[in-house]
Amino acid sequence: MVEYQDLESGEFYQRRYRNFPTLIIFPTLLLIVFIVLFSFFLKREIIAKFSGAIIPEKIITDVQSTSDNMICTNQLEENKVVNKGDILVTFKNENEKSEIQNGHKKIISHKEHLRSLNVYKRSIIDGRNQFNGVDKFGYDRLFHGYISQINNLNNEFEQQQIDKKIANQQLNEQIDVLRKIQRNNQNKISDFKSIMDAVTKSTKMDADNQYKFIYDDYYAQFKSTQIMSEKVQIKENMISSILQKIEQLQATNDSYDIQIAGILKNNFLSKNSTLDKITNLQQQQLATIQKEINKQQQILDELEVKQSMANQHYQDTVLKSPKKGILHLINNKSRMTYLPKGTTIAQIYPLLTRKTKLNIESYIAEKDITGLKKGQKIKFIVKQNGSKILKLKGTVKTISDVPTDVKEGSFYKCVANIFVDGNERKQIKYGLNGEVIIIKGTKTWFNYYKDILLGRDFSDK
């Protein structure tokens, strides 16, 4: 058998094809050609990496500080499970207690004042004392004063009635005296007429006539003269004298009639005027009482509003959990001495169950936002104790339209929902930090390196 190396062609072949260029350069060239061809078809993911943390899709509620007072106890803890009504923070409340006590005393005093005013009002309306003993506000004395005024009005009316009755009695007595004089005069007239009849008719005079002595004198004169002319003269003189006396007496009686007619007796007073005065006095008292009631009621309403605010301030010195859930602190509030009122100090997250929807929250610098958009896929990677790694997948849900300026720069807020199975949920808690990888798209390796060489790829970090 002929050996291969003994042939001339074999020697030629060895020298031509087993040299350094054929063993190194050609395979390398083939490899480069293969890689270039491969780069036109094989694609790689274009990603952006950021840090992020797990948050709930929905926050149950915010927890805000309720007082500016110094903190007494602080039970705020990150990821602490709280029930509705659990005490989170207590504040000093000495001033609030004092304000509540003072306000309570004032409210009791004004309520008592209003009760006394209402009793006073009912007493005025009913006209009788409805106070049980002495009223400390003095309204029982005011009511007695009111009753005294009414009694004075009634007594004044009664006195006026008595005065008019006495005056009328005196007038009646005066009239009776005049009537009596008239009757006496009338008797005298009758007696004078009897004398005139006796003189005229030359008859005898009644013995019971009080003026019989006049007739006797006339008769003696008449009998003592014998001359007829003298007798006629004596008779005419007697008749003339009697007529004159009768006329005088009648004129006197007529003047008495005029006097009697001029005596006007007082009519009895009507009590309506006094009753009107009493009614006006009652209305004045009721108006004054009602004005004071309105004033005291207004003061009481204001005190009750202040008391309600004081009670609220006192309740605000104990900050309780408004809902059941997991506590998340805004920054570190567990060692604060003061928590300004109204400051959001924590949030209540929902309990972690199989149905709890979770998100990843990231803040992306303004220079790194290029190419990021809603709907892109993400990966969330957490390196836990040891070599165990937690990997979750999700989708970008929202990216803020406007960056938020902070001390470190301007950042866009990016929120993505993630999908967690049952086994992975046991490893998750709120606030768990990890690396967020956002897959912005894919490109061939050829285009990838071409963009690098041309300085156009700034998004793949």
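Laboratory data are not the source of any read-out in this text; all were calculated from the coordinates shown. If you're wondering where the values come from, they're calculated on a predicted model, not measured in any experiment. Every residue, glycine among them, receives a Cβ derived from its backbone with ideal geometry; neighbour counts consider all protein chains shown.
So here's what we get for this one:
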read-out: Stretchable slack from GLU361 to ARG128, in nm (0.36 nm times residue separation minus alpha-carbon distance); value: 75.9 nm
read-out: LYS277-GLN161 FRET efficiency (beta carbon distance; Förster radius 22 Å; 0.05 resolution); value: 0.90
read-out: Stretchable slack from GLN427 to CYS72, in nm (0.36 nm times residue separation minus alpha-carbon distance); value: 124.3 nm
read-out: Table column - 3J(HN,Hα) (Hz), the stretch 282-295, Karplus curve with 6.51, -1.76, 1.60, x for Gly and Pro; value: 4, 5, 4, 5, 5, 5, 5, 5, 5, 4, 5, 4, 4, 5
read-out: Amide H within-cut-off set for ILE47, under 5 Å, with H built and near neighbours excluded; value: LYS440, LYS461
read-out: Amide H contacts under 5 Å for LYS80, placed H, 5+ residues apart; value: LEU327
read-out: Nonlocal amide H pairs with LEU358, under 5 Å, H built at 1.01 Å; value: GLU57, ILE418
read-out: Cross-link reach list, aspartates and glutamates versus LYS180, counting only Cα pairs under 18 Å and skipping chain neighbours closer than eight places; value: ASP191, ASP254, ASP257
read-out: Out-of-range pairs (alpha-carbon distance over 31 Å; input LYS379/LYS407; LYS58/LYS341; LYS84/LYS391; LYS271/LYS295); value: LYS84/LYS391; LYS271/LYS295
read-out: Förster radius 45 Å - calculated FRET efficiency between ASN79 and VAL305 (Cβ-Cβ, nearest 0.05); value: 0.65
read-out: Residue-span extension gain [GLN284 to GLN244] - 0.36 nm each, minus C-alpha spacing; value: 7.4 nm
read-out: Length-normalised contact order of the stretch 185-319 in % [C-alpha pairs under 8 Å, at least 6 apart]; value: 25 percent
read-out: Candidate aspartates and glutamates - alpha carbon under 15 Å from LYS440, same-chain residues fewer than 8 apart omitted; value: GLU45, ASP368, ASP457, ASP460
read-out: Cleavage-rule hits (trypsin sites (Lys or Arg not before Pro)) in the stretch 132-209: DSSP loop, at most 15 neighbouring Cβ within 10 angstrom; value: LYS136, LYS204
